[in-house]
2 protein chains.
Amino acid sequence: MPLLVMKFGGTSVADLARIRNAAAKVKAEVARGYDVIVIVSAMSGKTNELVGWVNETSPLYDAREYDAVVSSGENVTAGLMALTLQEMDVPARSWQGWQVPIQTTSAHGAARFVDIPRKNLDAKFAEGFRVAVIAGFQGVSAEGRITTLGRGGSDTTAVAFAAAFDAERCDIYTDVDGIYTTDPRITSKARKLDKISFEEMLELASLGAKVLQTRSVELAMRYKVRLRVLSSFDETDETSGTLVCDEDEIMESKVVSGVAYSREEAKLTLVTVEDRPGIAAAIFGPLSEAGVNVDMIVQNISEKNYRGNEKAVTDMTFSCPVDQVGRARKALEAARDAGSISYETLEVDTDAAKVSVVGIGMRSHAGVAARMFSALADEGVNIKVIATSEIKISVLIDRKYMELAVQALHDAFELDKAG
Amino acid sequence: MPLLVMKFGGTSVADLARIRNAAAKVKAEVARGYDVIVIVSAMSGKTNELVGWVNETSPLYDAREYDAVVSSGENVTAGLMALTLQEMDVPARSWQGWQVPIQTTSAHGAARFVDIPRKNLDAKFAEGFRVAVIAGFQGVSAEGRITTLGRGGSDTTAVAFAAAFDAERCDIYTDVDGIYTTDPRITSKARKLDKISFEEMLELASLGAKVLQTRSVELAMRYKVRLRVLSSFDETDETSGTLVCDEDEIMESKVVSGVAYSREEAKLTLVTVEDRPGIAAAIFGPLSEAGVNVDMIVQNISEKNYRGNEKAVTDMTFSCPVDQVGRARKALEAARDAGSISYETLEVDTDAAKVSVVGIGMRSHAGVAARMFSALADEGVNIKVIATSEIKISVLIDRKYMELAVQALHDAFELDKAG
C-alpha cells in the first residue's frame, strides 16, 4: 500500500479538539488508500512547561535527564492521537522512540538519527493497522537512554520516517498554509508558491521564513523526500499548501522565487587586523566557540595600507544577530588579550537588517545582482555589505529601510505574478 | 552497600519545592551510607489531567494507549527528581519502566509484575551512582508496550523493588505521619502506632485506612519487605512513622491494634432463597461479574422453614458499598430472570456502616468479641450483621452510630495507651 507521512506541530495538536481535527485529516488519507505514519509534537505549551521545570531544577542540567523529562510531551500526544483515530474507526497504534526503535547518537538534546529499522512498524501494518502514530523529536541511544533532537526536531523525525519507509510524500501540517514569496505582513502582494526547490527552501528557512526546520529540509534534500507544507486549520486536499521538492519537478522558470529578510542584524568591523594566513580562523574560531552565529563575512583592504604600513593589515567585517553582539565583543577582546589576534578598534553597527533574494534560476540567469542593486538604489537604500551564493544574493542595509527594500525587490522581480 | 527503597507519592512531589524536600530526605539516607532506589509518583493532579484527556478522547479507550498516555506523569517526576539530586551532588539517574526493564503481564491498566531484573541498575550502582530514580506505577509487557499497574501502583512498585534488590527497608513517604489506632478525625485519642503487622495492616487498609495500597502490603508480606509509612512533610529520622513488618518483630502484646470503619455500607438480604448446594455461587458469581464488591456474607435459616415448607429455603444477607446497590440489584434480578436463582424479595438497607476491631493478639486471646459487643451494647448500638476472621471482628451497624461506636471501642480496648 502507498504510504504517507503526516506531521502535526504543537499548535495543530494544542487541545483535544485540534487533535480530532488533525485525526480527521489522517482518516481522509487512509480513506484515499494510504497507510499513514503520523508524527506528533507536544501539545503547544507543554514542552515549554517541561523545559521550565528542568531549568528551574537545575540550570546546568544533565542533558540525559533533560531529554527524559521533555520527551514526555510528545508521548502524551501520540497516545491521544492513536485513541482519537481509534474512535474514528481507524486502526492506529502509538509508538514512542524506544519502541520503534528510533536509534540516534548519544548527543543528548541534539541527537542525530543512526537508523530507523522498519521491522516493528512493518509488522503492525501487516497486521492491518493503518496508522502508526510516532512521538516526534525523540529517539533512543545505544545506551538505552532517551534522546531528543533539539527544538523543532519533529519536522526532522517526519522526514527521516518518510525516507526510511519510502513514503510517497511527507506532509508537514502547521499554522501557515504554505511558503510565500515573502512575508505577507510586509507586502500584501506576497503570493503562495505551489512548489519550491529544496535549495531555495533551505536559503529561505535559514533566512527567517520559520516554517520548516533547516535540518529537516537538508535531510529531505539528501533523501529526495517530497515535503508538503500546509495548514492544519484549513480544509485541505491534494493541491493545498506548497510542495518542497527536487528542482527537476519544478517547471516554472522564475529567476527569483522569494525575498527573505532578517530584521535584527548587527554589522561588526575589526579595524586594522594583521593580514596573515590563519587570521580568519583566529578570529572566527573563538566566535564560534562563544556561540556567535556569524553570517556574512567580508574582508576589505584596510585604509591603513594606503598610508604605508610596514605590516600587511586588513579590515574584517561580519554580521551576526544583534543579541549576540555582547558575546562577540567579549570573545574578540579575550582573543586579543590572549595575543592570538590584534586589532585597533571594533566598530559595531546594531541598526542593520538583511534582505535576500533567492532563486535557483539565478544559476542560469545573469544580471540578477544588477537588477537587485538598481531596485534598491531607486529607493535610495544604501548597501552596507553584500554576500552572494549560487542561488542567493544578500545585502545588509539600514534596518529602517527593510520593509521598503523587501517591497521594492518583490516588485522588481514580479513575484506577485505566477510562473 | 546496604540498600533502601524510598517512595514518594503525588502530594510529596507536587511541585519543584516539594521534589527538593523529598530529594533532601534521599540525600540524608545516602549520607548514612545507603544506596537508594527512589520510586516516584506523578506530580499531584497530573495523572488526573491525563486520565481526563483519555476519557474525553475515547470513553471506551484502548487500554494500551491509556497506559502510554498516563504513564508519562511519572516519567516527568523521575527525571526532575534525578536532576534535583544531581544539583545536591548526589549521583543519580532516572529509569522509566522499559529501561529497567520492569517486566509485567499484558493486563493493561492492571498489570502484574513478572520480573524486575537487577542487571541494569546493579551496573549503574557499580559505576558509582548512589540513587536510581524509578518512575512508579508502570512497566513494560512482553510485546514491548507500556503497562500500568492501576491507581496507587507506585506503592506496589516500591515493594517489588525492595524485594528484588533485598532492600533493608521500604519507606513510603506520604501526607500522613503513620498508621493510627483509628481515624484521628473521629477521636482525638487516636494514637500513632510504632509497629503493626502485615496482617493487621491488610485488614486496616481494606477497611478504609487508605494509607497503603492493599496489593503493596500483600506483596510486602509475601516477600517479608519491611515497610515504613511516614510523612514527607515532617522532619524525619530512623524512628519516624509506623513500621509495617512481620509479627515476629512486634513485641507489644495488645490484643487489638486498631479500630477501622467504612461509612457507606449497604445491607442486602435475599429472602427465601432455595437452600441447595451451589446456591452461594449462583448468587455471588453474577455479583462479582457485575463488579460488586461483596464484603460480609451471612446465611440464616429462613423463617419460612419453621412454617413447614416442603423445599429447604434460607435467607442470604450480604453487604456492599452503597454506590454499588443499583448494580447489585440489577445483577440479582437478571439472575432470577435467567432462572439460575429464585427469591421472594430483596430487602435493601442503605443506612449501614461497618466498624471493625483488628489485632493479631486475638488469635491467642479469647473474649474479644464479647468485650466488643458489650461495649457497643453499653452505648445502645444495635448490631445488624457480624463477621469474624482470625484477627478481625466486624459489625454492621446503623450509620448514625458509627462515630460513637468507634470511640467506644477505642476506649474499651484502651488503644490510647501504648504497649
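The values are calculated or read from the model by the stated rules, or taken from the named source; none is laboratory data. Bear in mind that the values here come from a model prediction, so they are computed numbers and not experimental data. We place every Cβ from the backbone using ideal geometry, glycine too, and count neighbours over all the protein chains shown.
The single condition from (1) in the same structural domain as B:Leu50 (by TED's automatic domain parsing); (2) among the small types (Gly, Ala, Ser); (3) surrounded by fewer than 23 Cβ atoms within 10 Å (Cβ to Cβ) that B:Gly153 fails is (3).
Which residues, taken from segment B:190-219, are within 19 Å of B:Asp295 (Cβ to Cβ) and surrounded by fewer than 23 Cβ atoms within 10 Å (Cβ to Cβ)? Scanning segment B:190-219 gives B:Glu199, B:Leu202, B:Ala205, B:Ser206, B:Leu207, B:Gly208, B:Ala209, B:Lys210, B:Gln213, B:Thr214, B:Arg215, B:Glu218.
Please work out which residue is surrounded by the most Cβ atoms within 10 Å (Cβ to Cβ), limiting yourself to segment A:170-189 and to residues that are among the β-branched types (Val, Ile, Thr) and in a loop (DSSP other than H, G, I, E, B). The extreme case among them is A:Thr181. With (1) modelled with pLDDT of 85 or more; (2) charged (D, E, K, R); (3) closer than 26 Å to A:Ala111 by Cβ as the list, and A:Arg263 as the residue in question, which single condition is left unmet? Exception for A:Arg263: condition (3).
Kindly check whether there is at least one residue in segment A:406-413 that is surrounded by fewer than 17 Cβ atoms within 10 Å (Cβ to Cβ), of a type outside the set (Phe, Trp, Tyr) and either in the same structural domain as A:Glu265 (by TED's automatic domain parsing) or under 25 Å from A:Lys192 (Cβ atoms) (or both). Yes, segment A:406-413 has at least one match. Residues in segment A:263-280 that are surrounded by fewer than 19 Cβ atoms within 10 Å (Cβ to Cβ) and of a type in the set (Gly, Ala, Ser): A:Gly278, A:Ala280. Looking across segment A:352-400, just one residue is in contact with a Gly (Cβ under 8 Å, 6 or more places away or on another chain) and in a helix (DSSP H, G or I), and that is A:Val368. Listed by position, the helices (runs of 4 or more DSSP H) contained in segment B:1-110 that have at least 1 residues being surrounded by fewer than 24 Cβ atoms within 10 Å (Cβ to Cβ), more than 9 Å from chain A (Cβ to nearest Cβ) and on the phi < 0 side of the Ramachandran plot are B:16-31, B:46-57, B:63-70. Of the residues A:Val348, A:Val381, A:Val355, A:Val368, the single one that is under 14 Å from A:Ser262 (Cα atoms) and of a type in the set (A, V, I, L, M) is A:Val355. Each residue in segment B:112-124 was checked for being closer than 15 Å to B:Trp95 by Cα and either in contact with a Ser or Thr (Cβ under 7 Å, 6 or more places away or on another chain) or surrounded by fewer than 20 Cβ atoms within 10 Å (Cβ to Cβ) (or both), and 7 pass.
Just one of the numbered conditions (1) loosely packed, with under 13 Cβ neighbours inside 10 Å; (2) over 15 Å from A:Met402 (Cβ atoms); (3) over 26 Å from the mean Cα position of the chain (by Cα) is not true of A:Arg363: (3). A single member of A:Ala335, A:Ala377 is out of contact with any Ser or Thr (no Cβ under 9 Å at 6 or more places or on another chain), free of Cβ contacts under 8 Å to residues at least 24 places away in the same chain and assigned by TED's automatic domain parsing to the domain that holds A:Leu287, and it is A:Ala377. Selection of first residues in segment A:394-408 that are more than 21 Å from A:Glu200 (Cα to Cα) and of second residues that are acidic (Asp, Glu), restricted to Cβ pairs under 7 Å at least 6 apart or on distinct chains, gives the following pairs, ordered by first then second residue: A:Asp398/A:Asp351; A:Arg399/A:Asp351; A:Leu404/A:Glu379. Within segment A:114-142, being in contact (Cβ under 8 Å) with a residue 60 or more places away in the chain and under 22 Å from A:Ser41 (Cβ atoms) holds for A:Leu121, A:Arg130, A:Val131, A:Ala132, A:Val133, A:Ile134, A:Ala135, A:Gly136, A:Phe137, A:Gln138.
When A:Ala167, A:Ala162 are checked against the criterion of being buried (at least 23 other Cβ atoms within 10 Å of the Cβ) and touching a Cys at 6+ places or on another chain (Cβ under 7 Å), a single residue qualifies: A:Ala162. Of the residues making up segment B:77-89, one or more are within 18 Å of A:Glu74 (Cα to Cα) and in contact with a Gly (Cβ under 9 Å, 6 or more places away or on another chain). A:Arg130 passes every criterion in (1) under 23 Å from the mean Cα position of the chain (by Cα); (2) crowded, with 20+ Cβ neighbours inside 10 Å; (3) more than 14 Å from chain B (Cβ to nearest Cβ) apart from (1). For segment A:192-220, the tally of residues that are more than 13 Å from the chain's Cα centre (by Cα) and either modelled with pLDDT under 90 or farther than 25 Å from A:Lys25 by Cα (or both) stands at 1.
Answer yes or no: is there a residue in segment B:408-418 that is in a helix (DSSP H, G or I) and under 25 Å from the mean Cα position of the chain (by Cα). Yes; the residues of segment B:408-418 include at least one that is in a helix (DSSP H, G or I) and under 25 Å from the mean Cα position of the chain (by Cα). Find the strands (runs of 3 or more DSSP E) located wholly in segment A:193-292 whose residues include 2 or more that are in contact (Cβ under 8 Å) with a residue 60 or more places away in the chain and among the polar types (S, T, N, Q), and list them. So the answer is A:258-274.
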